[in-house]
Amino acid sequence: MKFLIASDVHGSNFYLKKLIERFNIEGADKLILLGDIYNHGPRNPLPEEYEPMTVSEQLNGIKDKLIVIKGNCDSQVDTMISEFSFIESAVVVSGDKTFFLTHGHVYNKDNMPTTKFDGIVYGHFHTGFIEKTGETVVANAGSISLPKNGTPRSYIVLDEGVLCLKDLDGNLIEKSI
């Protein structure tokens with residue numbers, strides 16, 4: 001199964017449309033969103049086309065293809081406009097590798113879960129990267145709408161145990177080994 005993983009939409013209809021386009025072009029089976037779906041958060045500016053209700057309508061339209069992790073800006077009221085569940089974390093198997101998926105405000109490269117995984121993928125910090133910490137691949141999907149620290153708008157494709165960080169135009173930025 002091929003996964004497209006993205007994070008930190010923060011209510012941007014403009015960038016969600018681009019992400020769904022990339023999802024279709026990539027031919028992914030599941031779209032995994034790592035949290036912060038609708039709310040822009042008090043420390044962030046309003047993203048382009050800030051339209052949380054339109055974002056929910058688009059996501060509800062593909063709900064059977066979604067796995068949605070709850071982020072620190074996601075609240076109970078978000079579930080009232082969503083026809084899908086927000087879960088705390090997920091584990092997926094790709095190839096012969098197991099990946100832990102989370103938002104990143106609790107578990108991240110500086111606070112790894114005690115359970116051993118081949119990879120940990122998260123968002124929250126809005127900075128995309130793939131690196132190795134010991135034997136574990138650690139990756140951040142970045143943000144499609146509000147990237148930080150000069151990083152591009154990005155997402156990750158997970159296929160056959162390999163992580164590929166790409167910009168929102170589909171260009172490869174980094175790849176896991």
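If you scan the stretch 93-106, which residues turn out to be buried (at least 18 other Cβ atoms within 10 Å of the Cβ) and either over 19 Å from Gly142 (Cβ atoms) or modelled with pLDDT under 95 (or both)? The one that is buried (at least 18 other Cβ atoms within 10 Å of the Cβ) and either over 19 Å from Gly142 (Cβ atoms) or modelled with pLDDT under 95 (or both): Ser94. Of all residues in the stretch 1-39, those being surrounded by 20 or more Cβ atoms within 10 Å (Cβ to Cβ), in contact with a strand residue (DSSP E or B) (Cβ under 6 Å, 6 or more places away or on another chain) and of a type outside the set (Phe, Trp, Tyr) number 11.
If we keep just the residues of the stretch 153-172 that are among the aliphatic types (A, V, I, L, M) and in a strand (DSSP E or B), which is farthest from Gly95 (Cα to Cα)? Break it down into steps so the answer makes sense when it comes.
Taking the stretch 153-172 as the starting set, the residues that turn out to be among the aliphatic types (A, V, I, L, M) are 156-158, 162-163, 165, 168, 172.
Those still in the list that are in a strand (DSSP E or B) too: 156-158, 162-163, 165, 172.
Numbers: Ile156: 16, Val157: 13, Leu158: 10, Val162: 8, Leu163: 11, Leu165: 18, Leu172: 20 Å.
Per the criteria, the residue is Leu172.
Listed by first and then second residue, the pairs linking a residue in the stretch 107-126 that is surrounded by 22 or more Cβ atoms within 10 Å (Cβ to Cβ) to a residue that is of a type in the set (Val, Ile, Thr) and in a loop (DSSP other than H, G, I, E, B), with Cβ atoms under 6 Å apart and 6 or more places separating them unless they lie on different chains, are Tyr122/Thr102.
Taken over the stretch 84-134, the criterion of being under 15 Å from the mean Cα position of the chain (by Cα), over 14 Å from Gly161 (Cα atoms) and among the aromatic types (Phe, Trp, Tyr) is satisfied by Phe86, Tyr107, Tyr122, Phe125, Phe129. Considered as a group, the residues in the stretch 161-175 that are of a type outside the set (A, V, I, L, M) and within 16 Å of Leu101 (Cα to Cα) include one that is surrounded by the fewest Cβ atoms within 10 Å (Cβ to Cβ), and that residue is Gly161.
The values are calculated or read from the model by the stated rules, or taken from the named source; none is laboratory data. As the structure is a prediction and not an experimental result, all values here were calculated from the model. So basically every Cβ, Gly included, is an ideal-geometry build from the backbone, and we count neighbours across all protein chains shown.
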